[in-house]
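The values are calculated or read from the model by the stated rules, or taken from the named source; none is laboratory data. Everything quoted here is computed from the prediction, not taken from an experiment. Please note: Cβ atoms are built from the backbone with ideal geometry, for glycine as well, and neighbour counts cover all protein chains shown. Each accessible area value is taken on the protein alone, full model and side chains, heavy atoms only, with ligands, DNA and RNA left out. Shrake-Rupley method; radii C 1.70, N 1.55, O 1.52, S 1.80 Å.
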Amino acid sequence: FSWTTDILHSGGLLTGQVINSTTNQPQGDLEVTLHAFQDNVEIVTLTAQADSDGRYTFEKLPTEHTIFYLVEGEYKDVVYVSNEPRIFTPNSSETKLDLRVYETTTSDEAITIGQLHYILTFIPNAVNVGQIFIVSNNGNQTFIGQNGQTFAFALPGSATNVSFQETFPGARFIQTDSGYADTAPITPGAESVSIVARYD
């Protein structure tokens with residue numbers, strides 16, 4: 001790969017550690033991926049192997065504070081991304097960015113709906129509805145659901161033109177006998193998953 005020519009300083013060092021937040025212990029021997037973004041465009045992707053203590057290092061990075069970094073890793077078939085992006089502060093060539101992962105569970109006892117919103121738009125002969133579920137996981141394990149389904153919900157029987165706001169259309173939500181189901185894992189935290197359904 002090569003950095004864009006307008007990036008001047010490439011002596012940055014980013015270090016971090018994979019932490020299992022269920023056990024509060026380092027999680028070693030995982031591959032981690034570093035994503036660099038500038039002006040909301042991904043400019044490079046790098047990979048590294050975390051050691052047995054979960055520690056990883058990325059070297060020779062641009063230190064311009066207009067570039068922000070995210071770390072991603074997969075643990076037990078669930079992809080995790082660092083909670084907040086990180087930049088190099090002015091006059092600094094080192095920064096730290098940890099990655100938190102969790103054990104998984106099929107029990108939904110910690111899953112709650114924190115908020116439910118409806119947004120109505122009146123159109124000829126119908127009402128266009130935006131229905132927004134804000135789902136929280138109050139436990140310390142990622143909920144992976146049963147049979148790949150994590151959150152099932154029903155929409156009105158007369159709903160037409162149903163669609164969902166998602167990055168990859170058709171990949172996340174499936175239709176069931178009683179309505180629809182989300183297949184995305186629900187990681188621990190308040191408001192960890194948002195589901196936006198639109199229909200007439």
(1) within 20 Å of Val81 (Cβ to Cβ); (2) assigned to a loop (DSSP other than H, G, I, E, B); (3) hydrophobic (A, V, I, L, M, F, W, C) all hold for Ala159 apart from (1)
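Based on this model, can you work out whether Val101 counts as under 16 Å from the mean Cα position of the chain (by Cα) and either at pLDDT below 95 or under 21 Å from Val18 (Cα atoms) (or both)? Walk me through how you get there before you give the answer.
On the way: under 16 Å from the mean Cα position of the chain (by Cα): yes; either at pLDDT below 95 or under 21 Å from Val18 (Cα atoms) (or both): yes.
So Val101 fits the description; yes.
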Would you call Asn128 open to solvent by 20 Å² or more (accessible area, probe 1.4 Å), farther than 28 Å from Glu74 by Cα, touching a Phe, Trp or Tyr at 6+ places or on another chain (Cβ under 8 Å) and assigned to a strand (DSSP E or B)? yes
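Restricted to segment 77-95, and to residues that are assigned to a loop (DSSP other than H, G, I, E, B) and over 21 Å from Ser21 (Cα atoms), which residue is least open to solvent (accessible area, probe 1.4 Å)? Give the derivation first.
The initial filter retains those residues of segment 77-95 that are assigned to a loop (DSSP other than H, G, I, E, B), namely 77, 82-85, 87-93.
Of the ones still in play, those that are also over 21 Å from Ser21 (Cα atoms) are 87-93.
Working: Ile87: 68, Phe88: 0, Thr89: 75, Pro90: 89, Asn91: 171, Ser92: 36, Ser93: 60 Å².
Only one residue fits best here, namely Phe88.
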For Asp108, work out the one condition from (1) open to solvent by less than 50 Å² (accessible area, probe 1.4 Å); (2) outside any strand (DSSP E or B) it doesn't fulfil. (1)
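Filter segment 11-44 down to the residues that are polar (S, T, N, Q) and modelled with pLDDT under 95, then identify the one that is nearest to Asp77 (Cα to Cα). Walk me through it before giving the result.
Step one: list which residues in segment 11-44 are polar (S, T, N, Q), which gives 15, 17, 20-25, 27, 33, 38, 40.
When the remaining residues are screened for being modelled with pLDDT under 95, the result is 38, 40.
Numbers: Gln38: 29, Asn40: 27 Å.
Looking at the filtered set, the residue picked out is Asn40.
Pick from Leu116, Leu120: which is over 25 Å from the mean Cα position of the chain (by Cα) and over 30 Å from Leu61 (Cβ atoms)?
Values: Leu116 fails: over 25 Å from the mean Cα position of the chain (by Cα).
It is Leu120.
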Taking segment 53-76 and keeping only residues that are without any contact (Cβ under 8 Å) to a residue 40 or more places away in the chain, over 20 Å from Gln25 (Cβ atoms) and not in a strand (DSSP E or B), one is left with His65, Thr66
Go through (1) in contact (Cβ under 8 Å) with a residue 40 or more places away in the chain; (2) part of a strand (DSSP E or B); (3) crowded, with 17+ Cβ neighbours inside 10 Å; (4) small (Gly, Ala, Ser) one by one and return the number of the condition Ala181 breaks. (1)
Given the conditions (1) more than 22 Å from the chain's Cα centre (by Cα); (2) open to solvent by less than 70 Å² (accessible area, probe 1.4 Å), which single one is not true for Thr150? (1)
